[in-house]
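Colleague: The structure follows.
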Amino acid sequence: MNDSYILLVEDRAEDVELTLRAFKRAHLANEIVVKNDGVEALEYLQQAEPPALMLIDISMPRMNGIQLLERVRKLDHMRYVPAVMLTSSAEEQDLVASYERGANSYVRKPVTFTDFADLIGRLGMYWVVLNEIPQNPKPS
């Protein structure tokens, strides 16, 4: 298993708690770093090692998830880090904007905790355990 951390960018405390519980239930041992909005996340990522995975909510104060993703993809060390937009938004424009700015996946949050925990387990297994990304990408 990848020992890298997972970055969760989410402003709602309830969703943070649900996500942390879901990761625990899925037995994913990666450290989870939580940032509560896009500004906080961007400042962190400019100084940090790349995470194994970014889970990004769209609707957040100060800088939304789509704006964050656009800025993050301009950082050389973050170009290939998987970015999953984990959101309650069903807006087609959010879906399109996410992919246009480099999202690897767009997933709507299920309503029940059981479904949410199952989703988090599957996302973690795929993106953190099975997926491979370049370790030392050269800037183009």
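The values are calculated or read from the model by the stated rules, or taken from the named source; none is laboratory data. All figures in this text were calculated on a predicted structure; none of them were measured in a lab. Quick reminder, even Gly has a Cβ in these numbers, built from the backbone with ideal geometry, and neighbours come from all protein chains shown. With ligands, DNA and RNA removed, areas are computed over all heavy atoms of the protein, side chains included. Shrake-Rupley method; radii C 1.70, N 1.55, O 1.52, S 1.80 Å.
Colleague: Calculate, for I133 and E43, the FRET efficiency according to 1/(1 + (r/R0)^6) with r their C-beta to C-beta distance and R0 22 Å; round to the nearest 0.05.
Modeller: Values: r = 23 Å, r/R0 = 1.04.
Plugging the Cβ-Cβ distance into 1/(1 + (r/R0)^6) gives 0.45.
Colleague: Roughly to the nearest percent, how much of the accessible area of the chain is carbon and sulfur, given a 1.4 Å probe? Intermediate results must be reported in sequence, preceding the final value.
Modeller: Working: 3640 of 7700 Å².
After summing per-atom areas, the C and S share lands at 47 percent.
Colleague: Among all stretches of the chain without exposed GluC sites (Glu not before Pro) (DSSP loop, at most 16 other Cβ atoms within 10 Å), which one is longest?
Modeller: Details: sites that count: E31, E91, E132.
The segment 32-90 is the longest one with no such site.
Colleague: Below 13 angstrom from the Cβ of A48, what's the summed charge of the other residues (Lys, Arg +1; Asp, Glu -1)?
Modeller: Numbers: positive: K35; negative: E31, E40, E43, E49.
Around A48, the charge tally is -3.
Colleague: Taking the Cα centroid of the stretch 67-118 and of the stretch 1-64, what is the distance between the two, rounded to the nearest whole Å?
Modeller: 12
Colleague: R0 = 35 Å: FRET efficiency of D76 with D118, Cβ-based, nearest 0.05? Please list the in-between numbers first.
Modeller: On the way: r = 35 Å, r/R0 = 1.00.
Here the calculated transfer efficiency is 0.50.
Colleague: Probe of 1.4 angstrom, ligands and nucleic acids ignored: what's the accessible area per residue over the chain, in square angstrom? Write down the numbers at each step before the final one.
Modeller: On the way: 7700 Å² over 140 residues.
It amounts to 55 Å² per residue over the chain.
Colleague: How about the stretch 19-108: which trypsin sites (Lys or Arg not before Pro) there lie in a loop by DSSP and see at most 14 other Cβ atoms within 10 Å? Write down the numbers at each step before the final one.
Modeller: Values: sites: R21, K24, R25, K35, R62, R71, R73, K74, R79, R101, R108; in loops: R62, R73, K74, R79, R101.
Loop-located and lightly packed - R62, K74.
Colleague: Report the full-extension gain for the segment E100 to L20: residue separation times 0.36 nm, less the Cα-Cα distance, to one decimal in nm. Could you put the intermediate results ahead of the total?
Modeller: Details: separation 80, 0.36 × 80 = 28.80 nm, distance 2.84 nm.
Contour length minus Cα-Cα distance gives 26.0 nm.
Colleague: Quick one: Karplus J couplings for the stretch 46-61, per residue in order, coefficients 6.51, -1.76, 1.60, θ = phi - 60°, nearest Hz, x for Gly and Pro?
Modeller: 3J(HN,Hα) across the stretch 46-61, in whole Hz: 5, 10, 9, 5, x, x, 6, 7, 10, 10, 10, 6, 8, 8, 9, x.
Colleague: While we're on this one: Could you compute the net charge surrounding I58? Neighbours are other residues with a C-beta less than 15 Å from the C-beta of I58; K and R count +1, D and E count -1. Display every interim value, and only then the final one.
Modeller: Working: positive: R12, K35, R62, R71, R101, R108, K109; negative: E10, D11, D15, D37, D57, E70, E91, E92, D94, E100.
So the surrounding residues net to -3.
Colleague: If you don't mind, there's one more thing I want to ask. When only the heavy atoms of the protein chains count and the probe is 1.4 Å, how do T114, T19 rank by accessible area, highest first?
Modeller: On the way: T114 85, T19 5 Å².
Highest to lowest solvent-accessible surface, that is T114, T19.
Colleague: Taking only DSSP H segments of four or more residues, each worth -39500 (n - 2.57), what value at 222 nm results for the chain once the sum is divided by all its residues, to the nearest 500 deg cm²/dmol? Mind dumping the intermediate values first?
Modeller: Values: 5 runs with 52 residues, N = 140.
Result for the chain: -11000 deg cm²/dmol, rounded to the nearest 500.
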